[in-house]
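K.L.:
Input: one structure, supplied below.
The values are calculated or read from the model by the stated rules, or taken from the named source; none is laboratory data. Given the structure is predicted, the values throughout are model-derived calculations rather than measurements. Quick reminder, even Gly has a Cβ in these numbers, built from the backbone with ideal geometry, and neighbours come from all protein chains shown. With ligands, DNA and RNA removed, areas are computed over all heavy atoms of the protein, side chains included. Shrake-Rupley method; radii C 1.70, N 1.55, O 1.52, S 1.80 Å.
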Amino acid sequence: MEKVVLVTGANSGIGLALCERLLNEDSQLRLCLACRNTQRALAARAALLTSHPDAHVDLLHLDVGSVRSVLTAAQEVKAKYTRLDYLYLNAGIMPNPHVDIKAFFSGLFSRNVINMFATAEGLLTQEDHLTSDGLQEVFATNLFGHFLLIRELEPLLCRAGHISRVVWTSSSNARRSAFNIDDIQHRRGTEPYSSSKFASDLLSLALNRHKNSQGLFSSVICPGLVMTNLTYGILPSFLWTIIMPIMWFIRIFTNTFTLTPYNGAEALHWLFLQKPESLDPRAKYHSLTSGLGTNYTQPRQAKESMYCMYKRPVHYYQVLNCFN
Ligand SMILES: NC(=O)C1=CN([C@@H]2O[C@H](COP(=O)(O)OP(=O)(O)OC[C@H]3O[C@@H](n4cnc5c(N)ncnc54)[C@H](OP(=O)(O)O)[C@@H]3O)[C@@H](O)[C@H]2O)C=CC1
Ligand SMILES: CC(C)CCC[C@@H](C)[C@H]1CC[C@H]2C3=CC[C@H]4[C@H](C)C(=O)CC[C@]4(C)[C@H]3CC[C@]12C
């Protein structure tokens with residue numbers, strides 16, 4: 001049977017670009033687009049079939065922010081497929097973002113300017129709210145729904161004699177200081193996005209520790225700064241019109257400014273081609289684009305502070321397991 005690949009948040013941005021790239025790589029794939037909005041999912045499927053008329057593209061209704069939806073979708077996947085080779089955990093949100101304009105202008109004239117553009121450190125806060133399950137929405141969507149999905153799909157992901165891969169779309173905005181193991185939903189802070197992305201890095205480490213022996217391998221990537229619905233939602237559109245030429249100019253000097261979804265999907269695509277044994281479970285794989293527009297993937301080791309947390313991933317995994 002053909003390889004089966006499931007992508008969450010596949011109807012736009014980096015997820016959709018990844019699907020296009022995977023089909024360019026292997027037109028025999030069985031691709032499952034897991035999306036919450038049926039109309040947008042149908043449009044994405046139609047776009048993929050226009051460029052790959054013979055492709056197998058299935059749709060799965062999945063709202064990763066809803067526990068019930070994840071459980072139902074997982075049942076459907078188990079009933080439909082006998083294998084699952086790649087699970088791309090890409091859906092993500094950054095609701096009600098606020099840019100600290102003062103921090104932006106002081107960063108602009110500091111030595112930290114490149115880092116500020118690459119990571120948005122100290123620039124962005126969000127207003128989170130509760131889902132109908134009573135969870136913080138960013139935690140539920142970016143992390144917990146995906147954790148639950150992996151757990152429910154274990155019969156397909158952890159099979160004797162078979163290798164499966166989980167790939168998280170994390171971010172360079174993931175910050176250890178935004179994460180608190182005693183407040184894993186980030187109820188008390190203003191940087192739920194940073195917290196949820198750091199948590200996905202931590203969970204990936206934990207998954208490797210727990211599941212490699214059962215044939216499941218997890219990796220995290222950072223797509224760089226990509227212009228998608230998520231980024232466009234951060235500023236009013238007229239501001240983006242003014243800023244965009246500057247962004248393309250900075251791109252010449254800054255390889256993390258991947259800018260297009262195609263470029264941003266580079267590391268996701270690259271991981272698809274790698275053998276899991278050759279990967280570093282502690283690295284984050286970055287999509288990068290050179291000034292001349294060449295795409296490449298580079299592993300970057302987590303900071304020392306992450307290693308200090310190296311015992312914590314297991315603890316975090318246990319906390320999540322007890323969560324529901
Ligand atoms: N753009 C960037 O610069 C960066 C993005 N990322 C990460 O990349 C990933 C993809 O984002 P990007 O392509 O930029 O943005 P998009 O907004 O284009 O894509 C996000 C996707 O996630 C889906 N999604 C959101 N919430 C849910 C949900 N509850 N259930 C199912 N699907 C959902 C969206 O569906 P819908 O259309 O229904 O909203 C959409 O398909 C995210 O995890 C983001 O955090 C990381 C670093 C940088
Ligand atoms: C106040 C304006 C004149 C200028 C504001 C610029 C900002 C809107 C952008 C500067 C840096 C950008 C980002 C950096 C990192 C991204 C990160 C890796 C991610 O996961 C999601 C998107 C970013 C936060 C992105 C968003 C726009 C900026 C903050």
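K.L.:
Round to the nearest 10 and report in Å² the accessible area of residue 179, as given by a 1.4 Å probe over the protein chains' heavy atoms.
P.N.:
That residue has around 20 Å² of solvent-accessible surface.
K.L.:
While we're on this one: With springs only between Cα atoms under 10 Å, which of 207, 235, 259 fluctuates most in a Gaussian network model of the chain?
P.N.:
235
K.L.:
For a quick check, take a GNM of the chain with Cα springs below 10 Å and name the residue from 269, 98, 186 with the largest mean-square fluctuation.
P.N.:
Among 269, 98, 186, the largest mean-square fluctuation in the Gaussian network model of the chain belongs to 98.
K.L.:
Compute the FRET efficiency between residue 301 and residue 275 as 1/(1 + (r/R0)^6), taking r as their Cβ-Cβ distance and R0 = 22 Å, and round to the nearest 0.05.
P.N.:
On the way: r = 20 Å, r/R0 = 0.90.
FRET efficiency, residue 301 to residue 275: 0.65.
K.L.:
With a point put 7 Å past each Cα toward its Cβ, work out how far residue 323 is from residue 2 in nm, to one decimal.
P.N.:
Going from the residue 323 label point to the residue 2 one covers 3.3 nm.
K.L.:
Please work out whether region 111-224 counts as rounded, prolate or oblate from its C-alpha gyration tensor, where a ≥ b ≥ c are the square roots of the eigenvalues and a/c under 1.5 means rounded, while otherwise a/b larger than b/c means prolate and anything else oblate?
P.N.:
oblate
K.L.:
Quote the accessible area belonging to residue 114 in square angstrom, nearest 10, computed with a 1.4 Å probe and with ligands, DNA and RNA left uncounted.
P.N.:
Counting only protein heavy atoms, residue 114 exposes about 100 Å² to solvent.
K.L.:
So for the chain, what are the equivalent ellipsoid semi-axes in whole Å, largest first, each being the square root of 5 times an eigenvalue of the Cα gyration tensor? List each step's numbers first, then the result.
P.N.:
Numbers: eigenvalues 164, 112, 77 Å².
Over the Cα atoms of the chain, the ellipsoid semi-axes are 29, 24, 20 Å.
K.L.:
Separate question: Please report how far the C-alpha centroid of region 40-101 lies from that of region 230-306, rounded to the nearest whole angstrom.
P.N.:
A separation of 21 Å, based on Cα centres.
K.L.:
In square angstrom, what is the accessible area per residue of the chain with a 1.4 angstrom probe?
P.N.:
Result: 45 Å² per residue.
K.L.:
When all protein chains stay in place, what accessible area (Å², nearest 10, 1.4 Å probe) is found for residue 94?
P.N.:
So the heavy atoms of residue 94 present about 30 Å² to solvent.
K.L.:
Continuing with the same structure: Near the amide H of residue 220, under 5 Å away, which other amide H atoms are found, from residues 5 or more places off or on another chain, if H is placed in the peptide plane?
P.N.:
168, 285
K.L.:
Also, I was wondering about something else. Between region 203-218 and region 121-194, what's the alpha-carbon centroid distance in Å?
P.N.:
Distance between centres, Cα-based: 16 Å.
K.L.:
Also: With a ≥ b ≥ c taken as the square roots of the eigenvalues of the C-alpha gyration tensor of region 1-84, please select rounded if a/c is under 1.5 and otherwise prolate if a/b is larger than b/c or oblate if it is not? Before the final figure, lay out each step's value.
P.N.:
Numbers: a/c = 2.10, a/b = 1.30, b/c = 1.62.
Taking the square roots of the gyration eigenvalues as a ≥ b ≥ c, region 1-84 is oblate.
K.L.:
Sort region 177-324 into rounded, prolate or oblate with this rule: let a ≥ b ≥ c be the square roots of the eigenvalues of the Cα gyration tensor; rounded if a/c is under 1.5, and if a/c is not under 1.5, prolate when a/b is larger than b/c, oblate otherwise.
P.N.:
Here region 177-324 falls in the oblate category.
K.L.:
Could you tally up the Lys pairs in the chain with alpha carbons closer than 30 Å? Skip any pair fewer than 8 positions apart unless they're on separate chains.
P.N.:
Counting lysine pairs in the chain gives 29.
K.L.:
Another question about this same structure. Among 171, 12, 110, which one shows the highest mean-square fluctuation when the chain is modelled as a Gaussian network with alpha-carbon springs under 10 Å?
P.N.:
Among 171, 12, 110, the largest mean-square fluctuation in the Gaussian network model of the chain belongs to 110.
K.L.:
Starting from the residue with the highest accessible area, list 270, 168 in decreasing order, probe 1.4 Å. List each step's numbers first, then the result.
P.N.:
Values: 270 75, 168 5 Å².
Sorted by accessible area, descending: 270, 168.
K.L.:
Let me ask something additional. Can you give me the % of accessible surface on region 208-270 that is carbon or sulfur? Probe 1.4 Å, all protein chains present, nothing else counted.
P.N.:
69 percent
K.L.:
Based on DSSP H runs of at least 4 residues, each adding -39500 (n - 2.57), what is the mean residue ellipticity at 222 nm of the chain after dividing by all its residues, to the nearest 500 deg cm²/dmol? Walk me through the intermediate numbers first.
P.N.:
Numbers: 14 runs with 134 residues, N = 324.
Computed mean residue ellipticity for the chain: -12000 deg cm²/dmol.
K.L.:
Then there's this: Counting only protein heavy atoms and using a 1.4 Å probe, what share of the accessible area of region 43-157 belongs to carbon plus sulfur, as a whole percent?
P.N.:
56 percent
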